[in-house]
């Protein structure tokens, strides 16, 4: 048994260092051996892999990753965790711990070549972190995250339950929820359950070259979720109702449809047939 999955050991560790978990950083530490094994298995880590871990915390995931990976870059924002990590990883030779905010890090300078990302993500960071990695000049081969269950379900949503988050992930990657992880699997316990999600970046829609324009359309369409797509697009894009109707008809979309009902192919179709060039002053 990994002692870092023992709640009492963790409590004693915090008491020794006279610190406490920081709620504003979403510090809920995984104490479930089964969930830990599921994360490692999902990442399919090989001896040649470079793995980037965001928020290693006490190092429970870091230890398991390091056994299998060629090298590990662990990015920890909380300086108070560094001394604990030094102790818990003292016998590990292939881990580089850096005290940085991942969202402010010059990632392309730190990481060269292929890599995977594995992390127990603080809930507040989730959507920002997805965007951060999917917009990197060289994207990860694979991402395995432990995230809030509700967020995981939103990411893999099908037409009828789509959201801006679902569209933004599914534009650039395949995503699947692999397992649910209950709130009792953490110390301290969060108020919600979690899930393990695997995201595999790939070029799915190469025709979307102007991402700013694509997401302009998507965000306008979702502005008022209960409103029909035709109304949101007419108001948000400052277009004539007739013109919007023709645009939707061109893509085989009923004007009474709501944004959450569209497929990814329909979103890309709307982007390809949008009758105007992007004008930043219009939104």
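The values are calculated or read from the model by the stated rules, or taken from the named source; none is laboratory data. Remember, predicted model here, so these are calculated numbers, not experimental data. Note that we place each Cβ from the backbone using ideal geometry, even for glycine, and neighbour counts take in every protein chain shown.
Checking each residue in region 94-132 for being touching a strand residue (DSSP E or B) at 6+ places or on another chain (Cβ under 6 Å), under 25 Å from residue 24 (Cβ atoms) and free of Cβ contacts under 8 Å to residues at least 60 places away in the same chain picks out 97, 98, 100, 102, 126.
Scanning region 1-42 for residues that are outside any helix (DSSP H, G or I), farther than 23 Å from residue 100 by Cα and touching a residue at least 40 places away in the same chain (Cβ under 8 Å) turns up 2, 31, 32. In the set 31, 51, only one residue is assigned by TED's automatic domain parsing to the domain that holds residue 190, modelled with pLDDT of 95 or more and over 25 Å from residue 200 (Cα atoms); that residue is 31. With the condition kept exactly as written, say whether any residue in region 158-166 is in contact with a strand residue (DSSP E or B) (Cβ under 6 Å, 6 or more places away or on another chain) and assigned by TED's automatic domain parsing to the domain that holds residue 61. Scanning region 158-166 turns up no residue that is in contact with a strand residue (DSSP E or B) (Cβ under 6 Å, 6 or more places away or on another chain) and assigned by TED's automatic domain parsing to the domain that holds residue 61.
Consider region 232-283 and keep the residues that are at pLDDT below 95 and assigned to a helix (DSSP H, G or I). The one that is surrounded by the most Cβ atoms within 10 Å (Cβ to Cβ) is 282. Output yes when any residue across region 139-154 is surrounded by fewer than 16 Cβ atoms within 10 Å (Cβ to Cβ), in the same structural domain as residue 54 (by TED's automatic domain parsing), in contact with a helix residue (DSSP H, G or I) (Cβ under 8 Å, 6 or more places away or on another chain) and at negative phi, and no when none is. Looking through region 139-154, none of the residues is surrounded by fewer than 16 Cβ atoms within 10 Å (Cβ to Cβ), in the same structural domain as residue 54 (by TED's automatic domain parsing), in contact with a helix residue (DSSP H, G or I) (Cβ under 8 Å, 6 or more places away or on another chain) and at negative phi. For region 177-192, the count of residues that are over 22 Å from residue 56 (Cβ atoms), touching a strand residue (DSSP E or B) at 6+ places or on another chain (Cβ under 8 Å), buried (at least 18 other Cβ atoms within 10 Å of the Cβ) and at pLDDT 95 or above is zero. Confirm whether residue 45 is part of a loop (DSSP other than H, G, I, E, B) and in contact with a helix residue (DSSP H, G or I) (Cβ under 7 Å, 6 or more places away or on another chain). For residue 45, the condition - part of a loop (DSSP other than H, G, I, E, B) and in contact with a helix residue (DSSP H, G or I) (Cβ under 7 Å, 6 or more places away or on another chain) - is met. Considering each residue of region 187-208 in turn, at least one proves to be over 29 Å from residue 118 (Cα atoms) and either in contact with a helix residue (DSSP H, G or I) (Cβ under 8 Å, 6 or more places away or on another chain) or in contact (Cβ under 8 Å) with a residue 60 or more places away in the chain (or both). With the requirement that a residue be buried (at least 16 other Cβ atoms within 10 Å of the Cβ) and closer than 27 Å to residue 57 by Cα, what does region 194-225 give you? Once the filter is applied, which keeps residues that are buried (at least 16 other Cβ atoms within 10 Å of the Cβ) and closer than 27 Å to residue 57 by Cα, region 194-225 yields 194, 195, 196, 197, 198, 199, 201.
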